[in-house]
Amino acid sequence: MCNNALEVAVLGPLGTYSHEAAAKAFGSTAIYKAQKTIANVFSALSSDIPFGVVPEENSIFGGVIETFDFFRTPASTFVRGEVTLKVEHCLLVKSGTKLHEITRVMSHEQALGQCRQFIESNLPGIEVVKTKSTAAAAEALIDAPPNWAAICSSICVSLFPGLEILARGVQDENANFTRFYIIAHSSTTPLTYQLESHRHMKALMRVSSPECGSASSNMAHCFAMIQLPITRIDRRPSLDGIPFHNVYFIEVQKETQNHHDGDSFELWTKAVMLASSRVIEKGWRSAVVGIW
Ligand SMILES: O=C(O)C(=O)C[C@]1(C(=O)O)C=C[C@@H](O)C=C1
């Protein structure tokens, strides 16, 4: 840690939406440590870099697979909060390039997915290239031929020299939001950002059935044991060697919005841990991978 300023890992280079979301939660005094991939954001966490911010879900394109894939395997990383960001994509080019001259567009696959209609209607048949992040696409323009373009945040035009915004709001829906998880090095890392005081408390559970095809693998049995409001379910292959065996990521939330004080958070933590034990008693695997 440098001068005791809090260090937060984000997908880099600086100028990504992950960076913007992190700044919304941790403010301007934190030091943002840019990582090349979302997986690197997870692996960068340590006692020196206690927090990270990773995209989890977009309102147009859906879940961010790389984030859920990390949570498939046991690790100490723990979700301790969330931030939602309105995402307004821009088409950036080298200054002077016209729309009809563009031959290649680059961006993160999530952003390309959110701008599919714009690309099909305005840039038909051009080469579409995935980059590690939206800001990485903008950065790549610096040394690129003049007819390449990037889809990214408007912030990138002031971070990388020689670029201009050719179009704004190029996402397929005006209402385009991405939700990010605030991840911590461990479940006990002290929280150093301001949680909204009135909000639903939430938790993320990872569950999987013991064996494929057995009566006990009926998901309904598992869900019935949770007995907490389930607000979201994601599914990924379990990678445990059994084809089509899955892990489920279940987000639960407290029924009522509570003032977020220590006592109510402790009660919520107990309720979530009990839900997880009930799932285990039913013969399923269960782990709590976040409470906030
Ligand atoms: O590339 C970035 O700017 C990111 O922070 C990643 C990411 C994502 O993976 O969802 C974040 C927000 C937008 O939805 C597009 C890309």
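A few points about this structure:
- Ranked by the mean number of other Cβ atoms within 10 Å of their residues, highest first, the peptides 57-67, 174-184 fall in the order 174-184, 57-67.
- Base-10 log of normalised Debye intensity for region 90-168 (one unit scatterer per alpha-carbon) at q = 0.17, 0.24, 0.25 Å⁻¹: -0.52, -1.13, -1.24
- q = 0.09, 0.12, 0.16 Å⁻¹, the chain: log10 I(q)/I(0) [Debye, one scatterer per Cα]: -0.49, -0.82, -1.22
- Ranked packing of 231-239, 106-114, most packed first, by mean Cβ within 10 Å: 106-114, 231-239
- Evaluated at q = 0.11, 0.21 Å⁻¹: base-10 log I(q)/I(0), Debye formula over Cα of region 1-146: -0.47, -1.33
- Taking packing as the residue-averaged number of other Cβ atoms within 10 angstrom, the listed peptides 220-230, 73-83, 6-16 run from highest to lowest as 6-16, 73-83, 220-230.
- Per residue, the accessible area of region 83-191 comes to 45 Å², computed with a 1.4 Å probe over protein heavy atoms only.
- Overall dimensions of region 199-292 by Cα: Rg and Dmax, Å: 13.9, 44
- Among the listed pairs Lys24/Lys94; Lys33/Lys202; Lys94/Lys132; Lys33/Lys132; Lys33/Lys270; Lys24/Lys130, those whose Cα-Cα separation exceeds 22 Å are Lys24/Lys94; Lys33/Lys202; Lys33/Lys270; Lys24/Lys130.
- Accessible surface of the chain [probe 1.4 Å, protein heavy atoms]: carbon and sulfur percent: 53
- Build a GNM of the chain with springs between Cα atoms under 10 Å apart, and of Val53, Val87, Val129 the one that fluctuates most is Val129.
- Quotient of C-alpha Rg and 2.2 N^0.38 Å, computed over region 106-222: 1.56
- The helix-based estimate of mean residue ellipticity at 222 nm for the chain, built from -39,500 (n - 2.57) per DSSP H run of four or more residues and divided by its residue count, is -7500 deg cm²/dmol to the nearest 500.
- Where region 199-292 is the region considered: accessible area per residue in Å², 1.4 Å probe: 51
The values are calculated or read from the model by the stated rules, or taken from the named source; none is laboratory data. On a predicted model such as this, the values are computed, not experimentally measured, just so you know. All Cβ positions, glycine included, derive from the backbone under ideal geometry; neighbour counts span all protein chains shown. Accessible surface areas use protein heavy atoms only, side chains included; no ligands, DNA or RNA. Shrake-Rupley method; radii C 1.70, N 1.55, O 1.52, S 1.80 Å.
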